[in-house]
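S.K.: Shown below is the structure under consideration.
The values are calculated or read from the model by the stated rules, or taken from the named source; none is laboratory data. Remember, predicted model here, so these are calculated numbers, not experimental data. Note that we place each Cβ from the backbone using ideal geometry, even for glycine, and neighbour counts take in every protein chain shown. Remember, those area values only see protein heavy atoms, side chains included, never the ligands or the DNA or RNA. Shrake-Rupley method; radii C 1.70, N 1.55, O 1.52, S 1.80 Å.
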Amino acid sequence: MICTDFAPEMVDAARRLGAEHGLDNVEYRVLDAERMDFDDDSVDVILCRSALMIMADPGAALAESRRVLRPGGIFACSVFTTPAENPWVALPIEVFIERAHIQRPDASGPGMFALGDPDHLRRLVTDAGFADVEIDGIGFAHRWADEDEVWRTISEVNARMAPIVAAMDAAERTATRRAVIDAFVPYRQPDGSFHAPAQAWGVAAR
C-alpha cells in the first residue's frame with residue numbers, strides 16, 4: 001500500500017498516524033497526482049478522498065490514474081457537492097468573506113466545490129479513459145458538542161482559517177466567532193450541540 005500527498009507536511013502527518021495505529025505495510029510518498037512517478041499498468045486500486053477538486057488540473061490527475069491502473073483496476077474518489085448542501089464549511093467561509101478576511105474563490109478554478117456538478121464530474125472521468133462510471137450521493141453530518149468545539153475546529157484545526165484567526169486582534173476574533181456561531185444557529189440541537197449536513201459525490205470507475 002502506498003499513501004501519497006502533494007504536501008510533504010501531509011505525508012509526515014500520515015506517517016505519524018500510521019505509526020500510531022501500528023501499520024507496517026504502508027509506504028509514504030510525496031507525489032504529484034497530475035504527474036505520477038509510477039509505471040503504466042502498475043497499480044490495482046486508487047483511492048482519492050476529498051482532493052481531486054482542489055487540484056489545478058483534475059483531468060490530468062484522472063488521466064494519470066487511468067495510465068497507472070492495471071486493466072480492470074478500480075479508481076474511487078469522493079468530492080464535495082455544493083455549498084448549499086455543505087453548510088458545515090460553507091457558512092464559516094461566507095462569514096470570513098463578508099468580514100473581508102478571505103476573497104470569494106473563483107468559481108472556475110480549483111476549490112472545495114469545483115466538482116459539485118455531477119455531469120461535469122462524469123465528463124472529466126470518462127474523458128480520462130474510464131468506463132463503467134458510477135456516481136452516487138453520500139450524505140452525512142458534522143457534529144460538534146457545543147459552540148466552543150465549533151470555533152475550535154475553525155480557529156485551530158482548519159488549515160486555511162486557523163492562521164487567519166491567529167492574526168486577528170482580540171476584538172475581531174470575538175466578533176468573527178460570534179458571527180460564525182450565529183450562522184450555525186439553524187443547526188443547533190436542543191442539548192446545545194450542532195449537527196450540520198454535508199454531502200459528497202462518491203465516484204467509482206474502471
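S.K.: For the structure I just gave you, tell me whether residue 191 is of a type outside the set (Ser, Thr, Tyr), within 30 Å of residue 63 (Cα to Cα) and not in a helix (DSSP H, G or I).
M.R.: Values: of a type outside the set (Ser, Thr, Tyr): yes; within 30 Å of residue 63 (Cα to Cα): no; not in a helix (DSSP H, G or I): yes.
The answer is no for residue 191.
S.K.: If you go through region 115-126, how many residues are under 23 Å from residue 93 (Cα atoms) and in contact with a strand residue (DSSP E or B) (Cβ under 8 Å, 6 or more places away or on another chain)?
M.R.: Taking region 115-126 and keeping what is under 23 Å from residue 93 (Cα atoms), we get 115-118.
Among the residues that remain, those that are also in contact with a strand residue (DSSP E or B) (Cβ under 8 Å, 6 or more places away or on another chain) are: 115-116, 118.
Going through region 115-126 one residue at a time, the tally reaches 3.
S.K.: Considering only region 152-184, state which residues are among the basic types (Lys, Arg), within 19 Å of the chain's Cα centre (by Cα) and open to solvent by less than 70 Å² (accessible area, probe 1.4 Å).
M.R.: The initial filter retains those residues of region 152-184 that are among the basic types (Lys, Arg), namely 152, 160, 173, 177-178.
Subset that is within 19 Å of the chain's Cα centre (by Cα): 152, 160.
Within region 152-184, no residue meets the criteria.
S.K.: Does any residue of region 147-169 turn out to be small (Gly, Ala, Ser), farther than 17 Å from residue 99 by Cβ, in contact with a His (Cβ under 8 Å, 6 or more places away or on another chain) and not in a helix (DSSP H, G or I)?
M.R.: Step one: of region 147-169, the residues small (Gly, Ala, Ser) are 155, 159, 162, 166-167.
Then keep just the ones that are farther than 17 Å from residue 99 by Cβ; that gives 159.
So of that shortlist, the ones also in contact with a His (Cβ under 8 Å, 6 or more places away or on another chain) come out as none.
Looking through region 147-169, none of the residues is small (Gly, Ala, Ser), farther than 17 Å from residue 99 by Cβ, in contact with a His (Cβ under 8 Å, 6 or more places away or on another chain) and not in a helix (DSSP H, G or I).
S.K.: Tell me whether region 88-111 contains one or more residues that are on the phi < 0 side of the Ramachandran plot, modelled with pLDDT of 95 or more and in contact with a strand residue (DSSP E or B) (Cβ under 6 Å, 6 or more places away or on another chain).
M.R.: yes
S.K.: While we're on this one: At least 3 residues that are open to solvent by 20 Å² or more (accessible area, probe 1.4 Å) and more than 30 Å from residue 184 (Cα to Cα) in each: list the helices (runs of 4 or more DSSP H) lying fully within region 35-140 that qualify. Outline the logic, then answer.
M.R.: Values: elements: 58-68, 87-98, 118-127.
Passing ranges, in order: 58-68, 118-127.
S.K.: Moving on to the next point. In region 1-22, how many are open to solvent by 90 Å² or more (accessible area, probe 1.4 Å) and part of a loop (DSSP other than H, G, I, E, B)? Can you show your working first?
M.R.: Quick first cut of region 1-22, residues open to solvent by 90 Å² or more (accessible area, probe 1.4 Å) only: 1, 6, 9-10, 15-17, 20-21.
Narrowing the set further to residues that are part of a loop (DSSP other than H, G, I, E, B) leaves 1, 6, 21.
The total comes to 3.
S.K.: Taking region 117-146, which residues are in contact (Cβ under 8 Å) with a residue 40 or more places away in the chain and under 20 Å from residue 87 (Cβ atoms)?
M.R.: The answer is 118, 137, 138, 139, 140, 141, 142, 143, 144, 145, 146.
S.K.: Can you name every residue in region 157-206 that is free of Cβ contacts under 8 Å to residues at least 60 places away in the same chain and touching a Lys or Arg at 6+ places or on another chain (Cβ under 8 Å)?
M.R.: Within region 157-206, 165, 193, 194, 195 meet the criteria.
Each row is one residue, and each column tells you yes or no for (1) within 17 Å of residue 60 (Cβ to Cβ); (2) touching a strand residue (DSSP E or B) at 6+ places or on another chain (Cβ under 8 Å); (3) in contact (Cβ under 8 Å) with a residue 40 or more places away in the chain; (4) charged (D, E, K, R).
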position: 4; (1), (2), (3), (4): yes, yes, no, no
position: 10; (1), (2), (3), (4): no, no, no, no
position: 13; (1), (2), (3), (4): no, no, no, no
position: 19; (1), (2), (3), (4): no, no, no, no
position: 27; (1), (2), (3), (4): no, yes, no, yes
position: 32; (1), (2), (3), (4): yes, no, no, yes
position: 35; (1), (2), (3), (4): yes, no, no, yes
position: 38; (1), (2), (3), (4): yes, no, no, no
